[in-house]
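The values are calculated or read from the model by the stated rules, or taken from the named source; none is laboratory data. The structure displayed is predicted, hence computed values, not measured ones. Here Cβ is always computed from backbone atoms with ideal geometry, including for glycine, and neighbour counts include all displayed protein chains. In case anyone asks, the SASA skips ligands and DNA or RNA and just uses the protein heavy atoms, side chains included. Shrake-Rupley method; radii C 1.70, N 1.55, O 1.52, S 1.80 Å.
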2 protein chains.
Amino acid sequence: METNLSFVQFRPAFGDKDLNLENAVKLLKQAKQGIIVLPELFSTGYTFTSKKEAAELAEEAPKGKTCRRVVELSGKMRSTLIAGFAEKSSSKVFNSALVASRGEFLGVYRKAHLFYKEKLWFSQGDTGFRIFDTKDGKVGVIICFDWIYPEATRILAVAGAEVIAHPANLVLPGLAQKGMCVRSLENRIFTITANRVGRETRGEDSFRFTGRSQIVSPKMKVLVKASSTETVVKSVAVDLSEARKKAITRLNDLMAERRVDLYGVLTQLSG
Amino acid sequence: METNLSFVQFRPAFGDKDLNLENAVKLLKQAKQGIIVLPELFSTGYTFTSKKEAAELAEEAPKGKTCRRVVELSGKMRSTLIAGFAEKSSSKVFNSALVASRGEFLGVYRKAHLFYKEKLWFSQGDTGFRIFDTKDGKVGVIICFDWIYPEATRILAVAGAEVIAHPANLVLPGLAQKGMCVRSLENRIFTITANRVGRETRGEDSFRFTGRSQIVSPKMKVLVKASSTETVVKSVAVDLSEARKKAITRLNDLMAERRVDLYGVLTQLSG
């Protein structure tokens, strides 16, 4: 069975949710029905200058504007959408991604590994790494910098993810793209990195976001990718059952042969 | 402080330990004093055809011929040598690597994740992943296919490894090299992959080993590499303290920020 995987790569305008949602809606019309990933913090922009500012732009899930609009779109498009947004929950603000499938709000993932000043505006994610079992496939979510922690994607693969949705606002050129290729291969899963483009200069920070969104196969083939500057939607049809085949040779099953008897140190902090 | 890291890439002759040791000794003369890695099963060759054959070529550590010679060389060279060999221990045979430093036998690592027919000749490694704290640096060892399991290198990095010695007999072109680059980056450590070259055709198997040995920095720079066919020794001087710097930004410490509170699933088998 074929499933279309897509990313939306564009340039959010800082703080202008209505404009960002409008632009995202236009772009989503070019995506094929299936699993579609939007960038991290796509409706607010990235470069906050205070905790107060982040809190003011954040919204509750699923009743906030971004959430409602994405859930509605997922219904119209008969698709599964994964989109990064700033989430307010009681007194906390999280760098989250929502998962909406065919008109239904399925939940959020809250970023576990915060990068740089995100640590000043956001609380550490408390959801853990979750599988969203949708009609379009089993989706796991990580956000941007989570990629460098092999544990994040691994946990999702162990739990049965076929696809990792990876909304991102990457600033370093190419590292995460190479990393996500290896994440696909070492777990034999599809990965969709949806990165943003453009520059944001606010307060003392100026970030250039590096695009190069990509979709990678379980055998580490880059199926589609974007340039470092273009606004673009790309889709590719895949067979998700490829992500359930963990045989490396006729004698090796990649996931079943994990030596969990030797892995205890992974749940300990560094010396 | 500078430390030289080296790999020896060559073509072992199947079953001819004396010749392989003699060739290794000649090549080692070209390596600089420091940490030097030889390929997996460097003294026996790779393509066994029976469990009996593997057992006959295997030796006890440290009293077997390969071990004694490598320990002696490590003394003469005032260096730390890591070398793959077939290890006999009571009734079992392991695909192991020995670590010898400045004339002293430090111990063995027994390969945890066996590839293809290795599962027929060898027992699963039972040493776990160990740090060898030498005068040349803190060395962790993985063997060949272990690379695809992020857990292996991660455990060693968590335990304080500055360098991963990676003796290999790789047959797939380039996958492990890309993987080991990401292993260096995600753990901020040096990695030395010492792969063999040449073809071995024995029984029903014919393997072409793909060379391309490499040494990678904690920032994923390939410092030196070999071609897919040459017999060669390459060395590079590095500052191992680079591997102890885990700061990614002024607000991020890569290893300290592992979310061990969320990683429990890693010690569980796949669904």
Quiz item: Taking interchain pairs and intrachain pairs at least six residues apart, which have beta carbon atoms under 6 angstrom, with the first residue in region B:1-13 and closer than 19 Å to B:Met77 by Cα and the second among the acidic types (Asp, Glu) and open to solvent by less than 30 Å² (accessible area, probe 1.4 Å)?
Solution: B:Thr3/B:Asp136
Self-check item: Scope region A:208-222; condition buried (at least 18 other Cβ atoms within 10 Å of the Cβ) and not charged (D, E, K, R); matching residues
Solution: A:Phe209, A:Thr210, A:Gly211, A:Ser213, A:Gln214, A:Ile215, A:Val216, A:Ser217, A:Pro218, A:Met220
Exercise. Select from region A:112-144 the residues that are of a type in the set (Gly, Ala, Ser) and open to solvent by less than 20 Å² (accessible area, probe 1.4 Å) and write down the one among them that is farthest from the other protein chains (Cβ to nearest Cβ).
Key: A:Gly137
Exercise. Filter region A:101-111 for residues that are open to solvent by 30 Å² or more (accessible area, probe 1.4 Å) and within 11 Å of chain B (Cβ to nearest Cβ) and give the result.
Key: A:Arg110
Quiz item: In region B:187-199, what count of residues is obtained for those that are open to solvent by 10 Å² or more (accessible area, probe 1.4 Å) and not small (Gly, Ala, Ser)?
Solution: 2
Quiz item: Just to be sure, is A:Gly179 under 29 Å from B:Leu269 (Cβ atoms) and more than 14 Å from chain B (Cβ to nearest Cβ)?
Solution: no
Quiz item: Could you say whether any residue in region A:232-249 is part of a strand (DSSP E or B) and facing chain B (nearest Cβ under 9 Å)?
Solution: yes
Quiz item: On the given criteria, is A:Ala31 in contact (Cβ under 8 Å) with a residue 60 or more places away in the chain, part of a loop (DSSP other than H, G, I, E, B), of a type in the set (A, V, I, L, M, F, W, C) and open to solvent by 10 Å² or more (accessible area, probe 1.4 Å)?
Solution: yes
Quiz prompt | Identity of the residue in region A:115-138, in contact (Cβ under 8 Å) with a residue 60 or more places away in the chain and in a loop (DSSP other than H, G, I, E, B), that ends up nearest to A:Ala58 (Cα to Cα) | solution = A:Phe122
Quiz item: Only one of (1) over 15 Å from the mean Cα position of the chain (by Cα); (2) more than 12 Å from chain A (Cβ to nearest Cβ); (3) within 20 Å of B:Ser6 (Cβ to Cβ) fails for B:Glu59. Which number is that?
Solution: (3)
Self-check item: Tally, over region A:255-269, of residues that are at the interface with chain B (Cβ under 7 Å from one of its Cβ atoms) and either among the hydrophobic types (A, V, I, L, M, F, W, C) or exposed (fewer than 14 other Cβ atoms within 10 Å of the Cβ) (or both)
Solution: 9
Quiz item: Which condition breaks for B:Pro173 when tested against (1) at pLDDT 95 or above; (2) under 20 Å from B:Met220 (Cβ atoms)?
Solution: (1)
